[in-house]
Structures are given as C-alpha cells and as structure tokens.
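Participant: Take a look at this one; I'll ask things after.
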Amino acid sequence: MSNIVLRHPKGSSAEIMLYGATIVSWKSPSERLFVSATAVRDGSKPVRGGIPVVFPCFGPPAHPEHAKLPQHGFARSSDWSWDNIIKEEGDYVSITLTLDPTPSIAAVYKRQFHLRFVVTLGEDDLSTELHVKNTSASTEYPPDFLEFQALFHNYVLAPANEVLVTPLQNLSYFDKTESTEEGKSSPKIEKRAGVDVRKFTDSVYENAPGSYEVTWPGGGVAIKTTNLKDVVVWNPAETGSKMGDMEKGGWEKFVCVEPGHVRGYERVAPGITWVGKQVISVVHNARRHQN
Ligand code: TA6
C-alpha cells in the first residue's frame, strides 16, 4: 500500500500512510517530524513516530465499549480509504481519508461511526482534523451517544535536552511516570514556565490553553488547536531503549506534544459530527523561555 505525498508549490511536503492515516513526514522545508529509523512501516503495527491518530481511546482502554481495543485504539492500526483527490484551495493542498467499521474493527468495537481525517498543507504549516460522526440509526431516548477520546500523537523533531513546551505553567496535570493508572495518581500543578523533557516525561495536562509553542535554540513549532481541551507531553528518555521500534538514542531527537480530548470522553448523539483540529506551524524566530 503506497503512501500519499502532498507537495506544496512553495516547496513543503507531507507524506501520509493509508495505514493508520499516519503522517510519516512533514518537510517545511526541512523535516519537522521524528520517525524512528527502526519504525515498522509495513502496516503490521503502528508507526513509531510522525503523527499517529489516536481514537476512540487514549492509553489503555477504560470505557466498557473499548474493553477489547489495544492501547490508543484502532485508528492508528487500521487501513483508511482515500478518494484519490488532492484538493487545491488558495495557498493550501489537502486530502481526506475515511474510516468506517471494518470486519476487524467490528469484531472488537460495536459502535457505528464514520471518521474523516483531513490533512492540509501550507507553505509553512500543516493541519490535521479528525471528524467523528455517530452514524447510529437509533431514535431511542436517551440518545445512543457515541463516547470516545481522540488525540494527535505528534512526534516533533527537536533536541530533547533543549526543547521547552509553553505555556503550561499553573496547569493541573497527571504524572504517568509515577503511576500505572493515571486516574489513580493525584494531580500536580505545573510550576515551570517552560516544560522540558530532559528526563522521562509522561504528563497529561487537563483543560490546557489549546495553543502551544515547542521551541529550542534556533527552532520551534507552534500548535494551535480547536476542540482539543487536553495536551500530553511525552518523552520516554532511556525507557525508550526497551521499545523494539525505537532507534538507539531516538528519545534524544523528539518531544511528543499531543493535543487531544483524553480526560473524560467526548460524546456525540446520532447524526452529529465532532471535529478536533490542530494547526502546526514553523516558528522562525523561536523565543526561549528560561525555567
Ligand atoms: O502519549 C504518551 C503515551 O501514552 C505514553 O504513555 C506511551 O505509552 C506513548 O503514549 C507511546 O505509546 P505506544 O502505544 O505508541 O507505544
């Protein structure tokens, strides 16, 4: 199954796998995403890097309807469909991928849904939108709500020992490095003006500002979101050496900044569509925040 390559007339590009709807490259003009050199790219397991799509659950499943799903759900390990159309609108090019219940999904997930994943490439920005439609035909009351979590698992290419993520100061967050079940650990308050990932970091910030800067000396990206109330900051540090698909020292080359709805569940009634969106743009005159 070949990948889709989006090219912008001003030189940027993006490459998307139909497997998992995973963006595996975004060049603007240089590469902005990390993908492990030892990532599996044959569609047999989710890609270690790029921008995997997380749906309908984040982390180990906790919702009864998700009980048979793998960590982070099935979207990033399913074969999505493409209408072979590359849209050109103004200064942007875009594609839309779709996912409906396949037999393998239906075997582990009983809900009716329709997903649309829209990737839009500009000269120096990239946006991803996930449209989640509840296609239940039920007319019962109370409505047959579709409950889900969704997240864009961005692996931002960055020097892990210098990168800072802002603004997260004073936010409440769950530190997953200290507990196996995030819901069981008591929340902390972020005291740092800029969050670093110099050590193993796995933090789930709830009700976050929705707009972030990921900067390092001489570089950075900005992430602006719609309808994604939470954000996760992750870097495995040396624990990454236990991951079979993480290249040696790969954890030194990225920070995951992952906007999503991952604390609690989004819920849509039959016939209703929820849309979560992010726009990642290159920051040319990167600011530096000192902790
Ligand atoms: O987003 C952070 C996280 O939930 C971490 O806890 C870690 O599990 C990471 O995702 C990668 O998960 P994966 O299933 O891709 O190995």
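Participant: Within the stretch 12-40, can you find the residues that are in contact with a strand residue (DSSP E or B) (Cβ under 8 Å, 6 or more places away or on another chain) and part of a loop (DSSP other than H, G, I, E, B)?
Facilitator: If the condition is that a residue be in contact with a strand residue (DSSP E or B) (Cβ under 8 Å, 6 or more places away or on another chain) and part of a loop (DSSP other than H, G, I, E, B), then Ser12, Met17, Leu18, Gly20, Ala21, Thr22, Ser28, Arg32, Phe34, Ser36, Ala39 are the ones that fit.
Participant: Another question, if that's okay. What is the residue count in the stretch 26-37 for residues that are more than 19 Å from Gly260 (Cβ to Cβ), surrounded by 18 or more Cβ atoms within 10 Å (Cβ to Cβ) and more than 16 Å from the ligand (Cβ to nearest atom)?
Facilitator: 2
Participant: Being within 13 Å of the ligand (Cβ to nearest atom) and not in a helix (DSSP H, G or I) is the requirement here; does Leu168 meet it?
Facilitator: The answer is no for Leu168.
Participant: Is it true that Gly43 is assigned to a loop (DSSP other than H, G, I, E, B), under 26 Å from Val163 (Cα atoms), in contact (Cβ under 8 Å) with a residue 24 or more places away in the chain and of a type outside the set (Val, Ile, Thr)?
Facilitator: no
Participant: If you don't mind, there's one more thing I want to ask. What tally of residues in the stretch 233-245 results from selecting those that are within 9 Å of the ligand (Cβ to nearest atom) and in a loop (DSSP other than H, G, I, E, B)?
Facilitator: Residues in the stretch 233-245 being within 9 Å of the ligand (Cβ to nearest atom) and in a loop (DSSP other than H, G, I, E, B): 3 in total.
Participant: Right, here's the next one. Which numbered condition trips up Gly194, out of (1) surrounded by fewer than 18 Cβ atoms within 10 Å (Cβ to Cβ); (2) in contact (Cβ under 8 Å) with a residue 60 or more places away in the chain; (3) not charged (D, E, K, R)?
Facilitator: (1)
Participant: Sticking with this one: Are there any pairs, at least 6 apart or on different chains, whose C-beta atoms fall under 7 Å, with the first in the stretch 71-86 and touching a residue at least 24 places away in the same chain (Cβ under 8 Å) and the second more than 16 Å from the ligand (Cβ to nearest atom) and assigned to a helix (DSSP H, G or I), and if so, which?
Facilitator: Close Cβ pairs satisfying both conditions: Phe74/Ile105; Ser78/Ile105.
Participant: Report whether or not Val204 is under 30 Å from Asn285 (Cβ atoms), surrounded by 22 or more Cβ atoms within 10 Å (Cβ to Cβ) and near the ligand (Cβ under 10 Å from one of its atoms).
Facilitator: no
Participant: Report, by residue number, each residue of the stretch 207-229 that is closer than 17 Å to Val275 by Cα, away from the ligand (no atom under 16 Å from the Cβ), in a strand (DSSP E or B) and of a type in the set (S, T, N, Q).
Facilitator: Passing the criteria: Ser211, Thr226.
Participant: Please enumerate the residues belonging to the stretch 246-256 that are touching a residue at least 60 places away in the same chain (Cβ under 8 Å), more than 10 Å from the ligand (Cβ to nearest atom) and either within 20 Å of Val54 (Cα to Cα) or in contact with a helix residue (DSSP H, G or I) (Cβ under 8 Å, 6 or more places away or on another chain) (or both).
Facilitator: If the condition is that a residue be touching a residue at least 60 places away in the same chain (Cβ under 8 Å), more than 10 Å from the ligand (Cβ to nearest atom) and either within 20 Å of Val54 (Cα to Cα) or in contact with a helix residue (DSSP H, G or I) (Cβ under 8 Å, 6 or more places away or on another chain) (or both), then Gly250, Trp251, Phe254, Val255 are the ones that fit.
Participant: What number goes with the only condition from (1) more than 29 Å from Leu146 (Cβ to Cβ); (2) more than 14 Å from the ligand (Cβ to nearest atom) that His63 does not pass?
Facilitator: Exception for His63: condition (1).
Participant: Being of a type in the set (A, V, I, L, M, F, W, C), within 16 Å of the ligand (Cβ to nearest atom) and touching a Gly at 6+ places or on another chain (Cβ under 7 Å) narrows it down to one residue among Val40, Val54; which is it? Break it down into steps so the answer makes sense when it comes.
Facilitator: Details: Val40 fails: touching a Gly at 6+ places or on another chain (Cβ under 7 Å).
From the options Val40, Val54, the qualifying one is Val54.
Participant: Within the set of pairs 6+ apart or on separate chains, which have a first residue in the stretch 119-138 that is more than 27 Å from His8 (Cα to Cα), a second that is of a type in the set (D, E, K, R), and C-beta atoms under 6 Å apart?
Facilitator: Cβ pairs passing all conditions: Ser136/Asp144; Ser138/Asp144.
Participant: If you don't mind, another one. Out of the stretch 104-131, which residues are aliphatic (A, V, I, L, M), assigned to a loop (DSSP other than H, G, I, E, B) and farther than 14 Å from Pro56 by Cα?
Facilitator: If the condition is that a residue be aliphatic (A, V, I, L, M), assigned to a loop (DSSP other than H, G, I, E, B) and farther than 14 Å from Pro56 by Cα, then Ala107 is the only one that fits.
All of the numbers you see were taken from the coordinates with simple rules; none came from a lab. Predicted model, so just to flag it, every value in this text is computed and none were measured. Reconstructed Cβ throughout: ideal geometry from the backbone, glycine too, with neighbour counts over all protein chains shown.
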